[in-house]
1. Tell me which residues, restricted to the range 228-262, are open to solvent by less than 30 Å² (accessible area, probe 1.4 Å), hydrophobic (A, V, I, L, M, F, W, C) and modelled with pLDDT of 90 or more.
2. Exactly one condition in (1) within 25 Å of Pro270 (Cα to Cα); (2) open to solvent by less than 40 Å² (accessible area, probe 1.4 Å) is false for Val69; which is it?
3. Just one of Val400, Val426 is touching a Ser or Thr at 6+ places or on another chain (Cβ under 7 Å) and not basic (Lys, Arg); which is it?
4. Can you confirm whether Gln46 is modelled with pLDDT of 95 or more and open to solvent by 10 Å² or more (accessible area, probe 1.4 Å)?
5. Output the residues belonging to the range 376-392 that are open to solvent by 30 Å² or more (accessible area, probe 1.4 Å) and within 18 Å of Leu267 (Cα to Cα).
6. Quick check on my filter: what residues within the range 285-304 are among the aromatic types (Phe, Trp, Tyr) and at pLDDT below 80?
7. Six or more apart or on different chains, Cβ atoms under 8 Å: show the pairs whose first residue is in the range 203-220 and within 23 Å of Ala35 (Cα to Cα) and open to solvent by less than 30 Å² (accessible area, probe 1.4 Å) and whose second is among the acidic types (Asp, Glu) and modelled with pLDDT under 95.
8. Regarding the range 354-371, can at least one residue be identified that is without any contact (Cβ under 8 Å) to a residue 40 or more places away in the chain and farther than 21 Å from Lys311 by Cα?
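The values are calculated or read from the model by the stated rules, or taken from the named source; none is laboratory data. Note that this is a predicted model, so its numbers are computed, not measured. Because the Cβ atoms are built from the backbone with ideal geometry, glycine has one as well, and the counts that use them run over all protein chains shown. Ligands, DNA and RNA are excluded from the accessible area calculation, which covers all protein heavy atoms including side chains. Shrake-Rupley method; radii C 1.70, N 1.55, O 1.52, S 1.80 Å.
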Amino acid sequence: MYHGRITGKGPLTPVQIYQQPPRLLIVHIPLPSWADICSNLCEALQNFFSVACSLMGPSRMSLFSLYMVQNQHECILPFVQVKGNFARLQACISELRMLQREGCFRPQGTSLQLAVENGLQQFNQYCRHVTTGATLAYTALEITILTSQPGKELVKQLEEGLKDTDLVKVRRLQVVEIVKETLGCMDSASPVEESSSDESSFLGTDIDLQTVDNDVVSMEMLFKAWLHNSGTDREHVHLLLPSQSFSKSSRATDNPMCLKCDLQERLLSPSLLPGTADGSLKMDDPKGDFSTLYQMASQSSASYYKLRVIKALKSSGICESVTYGLPFILRPTSCWQLDWDELETNQQHFHALCNSLLKREWLLLAKGEPPSRGRSLREPASTFYVIVPSRSPTLLVKAVATRELMLPSPFALLPENPPDDSLQVVENILDLLELEPTYNPLQVWSHLYSHLSSTFAKPQGRHHLSWESRALRKHPCKAGQLETNRVRAKVAPLPMTSAPGRAPKMPAASKASSEAIFQLSEEEEEEEEYPSGP
């Protein structure tokens, strides 16, 4: 986890809420381990970007770049905008698949260090270029190193190799060790979060060490964590509890206990993905949906969205048919603006609340109180939520129906004694079904990844050439030459050192490559082929 401070200040806008910092992924998997990991990693990346590029609304991922470190470091993909660039990302993944899987590994002690420095230099160049015409919403870079080497040894190498490197713009440096043993990752929807992690801090930047299993699902969850709002500028929600008890005394109401919480999605809404059955009908977008509350909870730095607890309920005292919308998760805040004592006390009270609710078998009924938007003659409609404890240090929050939303349900009671012949027929059918103790969503798939990937396929019959095709047309391959280095040809050569007082000369081809790195999206490349008039 990241405990550093973010440079940005002031109120957050909805765009800033969802947009995560730029990501640099460095794949540090030498031979022969690459042969065992390549397929799983490439499939996980393909699945992840099919979702990340398809999500409607504000972009949750801004920039992405990928480096490969084996015998030497190599930039497979320079920084590009994620949204609108699925074709380039897919070409990058194809390049990974074609990398050599057999051979000798000749380790270079500085290759990983150079990859970090080179990626940081590319990011700085990108920022300098973009800020000339617009204001960047991101100022810091998050680096993830995916390795098959022992993680703790790698952290020590990084600490030694980067001790003289300026890491001011590195928000977080994460080392993820791929382990060969399967530790039951299919039993958890969040294998990365459940894994153990160690932290090392140097030069004000934390190195987060984690492990991930060598399978597609675990790696998918590693990358999907990038879609979460990981900002720590401020807490999202204040959970208000009576200070003494659940009594109706005015004193308890006027002086509530305030637990400061962060919001986190439990799952992605189908309404945010094009072409899905639920998304086309917009059935999962009620007023109390997560995205609406999430934006309301994060737009103002002066006031906070509040959940005021008004009653306690027995855990068996609510019918699932009166809950609606997507659930979301509350967890103790990690806001850096709070001092450590307040953070620790807030976390302890939060954990105590979870334990007490589980012990009593209680749920909580809370009323949502949005931040004040000034004087209004009309009182806004309230949304109510039921808060459910769990065995993890989190609370699950679901929107619950009120009187105004209810429709009549004139259903009679179920007969206690159905006819024996009908009962016997149905029971024989039920006995044929395989019984599972729990529902595990990680073992059920709907072919959504392949469907989303197919939506990015370019229509046939249209005169549209990709940037790879244009490059091949200008520089055709020789007979027998493999079609490789498609993305690599777009990378600008960045010398790590240069003679003082002299600017290194750059050939024309390299200059064109240098300019190409700053292309923001696939659409801009189309404009290159179909230029508009002045």
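1. Val237, Leu239, Leu240, Leu241, Leu259, Cys261
2. Here Val69 meets the rest and fails (1).
3. On the way: Val426 fails: touching a Ser or Thr at 6+ places or on another chain (Cβ under 7 Å).
Just one listed residue meets the conditions, Val400.
4. Considered against the rule, which asks whether it is modelled with pLDDT of 95 or more and open to solvent by 10 Å² or more (accessible area, probe 1.4 Å), Gln46 comes out as yes.
5. Val388, Ser390, Ser392
6. At the first step, the residues of the range 285-304 found to be among the aromatic types (Phe, Trp, Tyr) are 290, 294, 304.
Residues satisfying the conditions are Phe290, Tyr294.
7. Every condition considered, the pairs that remain are Asp213/Glu181.
8. The answer is no, given that none of the residues of the range 354-371 is without any contact (Cβ under 8 Å) to a residue 40 or more places away in the chain and farther than 21 Å from Lys311 by Cα.
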